[in-house]
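Here is the structure we will look at.
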Number of protein chains: 2
Amino acid sequence: MALDPDAFLTDWHRIVAERDLDGLRARLAEDVSLGAPPYWTRIEGREVVHHLLDLILETIEDFTYHREWREGAELALEFRGRVGDLDLQGIDLITLDERSRVANIDVLMRPAAAIAALRDVIAPKMTAFLSARST
Amino acid sequence: MALDPDAFLTDWHRIVAERDLDGLRARLAEDVSLGAPPYWTRIEGREVVHHLLDLILETIEDFTYHREWREGAELALEFRGRVGDLDLQGIDLITLDERSRVANIDVLMRPAAAIAALRDVIAPKMTAFLSARST
């Protein structure tokens, strides 16, 4: 599998639409790095990033992609959705590796209240996941 | 002046680097709409958006643009900087009108602490600005 952003995007949209967790895992580099909306410190590694992306997709309701930009291996994918009764807008900034897997993903969102609501749902689940892994 | 994203970007980067406030005003449509990081409700109109962008550029230290994407009149400009001792990453999602002026701009940032710090500096100044305008 070589660098093919078009094929990646087709597959990524299918993965998100179908919540294909195995497909999602296959599209993440082993040392993938994720910058989450609430925190500056990055999340590193395929299993942890995979779990966090799954939780984000599970928590954001009516998740839909909108505008899309690509410059070689650098992609920017705008999305919209809701957390509870809060509308939100976000963007995935993705760097692909030479095998068309996600090497780096930064997730930026607005408004601040939606970031806080998402964090309040996801942080306890991530803590439980990380605790279970470390025992 | 027709739609020319390349010319817009050259001018925009100069405007930001030089803090050219008159140049900034000329690049905003009269009915420009801005989605700020903290809030869902949008800021509307050239004078208010101009003032807010000026405050954002004034408040974020070491503001520098990084990755850049364009698809016709739709632009995505990644930036980095600091508020106090907080590093931040953001993106301007810009829609140009047919005269290469900003018709719509959404500003998304991470982490949440930097959004809160920026809001704490800017919100009182915007309130003062809006109060002065309304008297």
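The values are calculated or read from the model by the stated rules, or taken from the named source; none is laboratory data. Note that the structure is a prediction, hence the values are computed from the model and not measured. All Cβ positions, glycine included, derive from the backbone under ideal geometry; neighbour counts span all protein chains shown. Note: accessible area is taken over every heavy atom of the protein model, side chains too, but ligands, DNA and RNA are not part of it. Shrake-Rupley method; radii C 1.70, N 1.55, O 1.52, S 1.80 Å.
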note = Inter-chain shielding metric for A:65-77, i.e. average beta-carbon neighbours from other chains within 10 angstrom, reads 4
request  = Starting from the amide H of B:D4, placed 1.01 Å from N in the peptide plane, find each other amide H under 5 Å away whose residue is 5 or more places distant or on another chain.
outcome  = B:S100
ask   = How would B:R99, A:R27 line up by accessible area, probe 1.4 Å, largest first?
value = B:R99, A:R27
query = Which of the helices in chain A, when you take each full DSSP H run, stretch at least 24 Å along the axis at their Cα atoms and have an average Kyte-Doolittle score of -0.5 or higher?
reply = A:112-133
inquiry  = Tell me the accessible surface of A:M126 in square angstrom (1.4 angstrom probe, heavy atoms of protein chains only), to the nearest ten.
reply    = 20 Å²
query = Taking the Cα centre of chain B as origin and charging only Cβ (+1 Lys, Arg; -1 Asp, Glu), how large is the dipole, in debye to the nearest 20?
reply = 340 debye
key: Backbone HN-Hα couplings from phi across region B:97-102 [Karplus 6.51/-1.76/1.60, Hz, Gly and Pro as x]   = 8, 6, 9, 6, 10, 6
request  = Compute the label-point distances linking B:E58 to its equivalents in the other copies; points lie 7 Å from Cα along Cα→Cβ; give nm, one decimal, shortest first.
outcome  = 4.6
key: Sites A:R80 and B:D120, calculated FRET efficiency, Cβ-Cβ separation with R0 22 Å, nearest 0.05   = 0.25
message = How shielded is A:105-114 by partner chains, expressed as the average number of their Cβ atoms within 10 Å of its Cβ atoms?
response = 6
remark   = As a Kirkwood estimate from alpha-carbon pairs, chain B has a hydrodynamic radius in angstrom of 15.1 Å
message = Could you tell me how many cubic angstrom of Cα convex hull volume region A:64-113 has per residue?
response = 74 Å³
query = With every protein chain kept in the model, how would you rank B:V121, A:V16 by accessible area, 1.4 Å probe, largest at the top?
reply = B:V121, A:V16
ask   = How much of B:E74 can a 1.4 Å solvent probe reach, expressed as accessible area in Å² and rounded to 10?
value = 50 Å²
query = What does region A:1-63 give for Rg and for Dmax, in Å, if only its C-alpha atoms count?
reply = 12.2, 33
task = For the protein assembly as shown, restrict the atom set to alpha-carbon positions and state the Rg and Dmax in Å.
result = 19.0, 64
inquiry  = Taking beta carbons within 10 Å but only from partner chains, what does the mean come to for residues B:40-51?
reply    = 1
request  = Per DSSP H run of at least 4 residues, take -39500 (n - 2.57); add these up for chain B, divide by its residues and hand me the 222 nm value, nearest 500 deg cm²/dmol.
outcome  = -13500 deg cm²/dmol
query = How far is B:R133 from itself in the other copies, in nm, if each label sits 7 Å out from Cα along the Cα-Cβ line, shortest first?
reply = 4.7
note = With every protein chain in place, the accessible area of A:R67 for a 1.4 Å probe, in Å² rounded to the nearest 10, comes to 50 Å²
inquiry  = What percent of all Cα-Cα pairs in region A:81-135 falls into each 5 Å bin, going from 0 up to the bin containing the maximum distance?
reply    = 4, 17, 16, 15, 18, 18, 10, 1
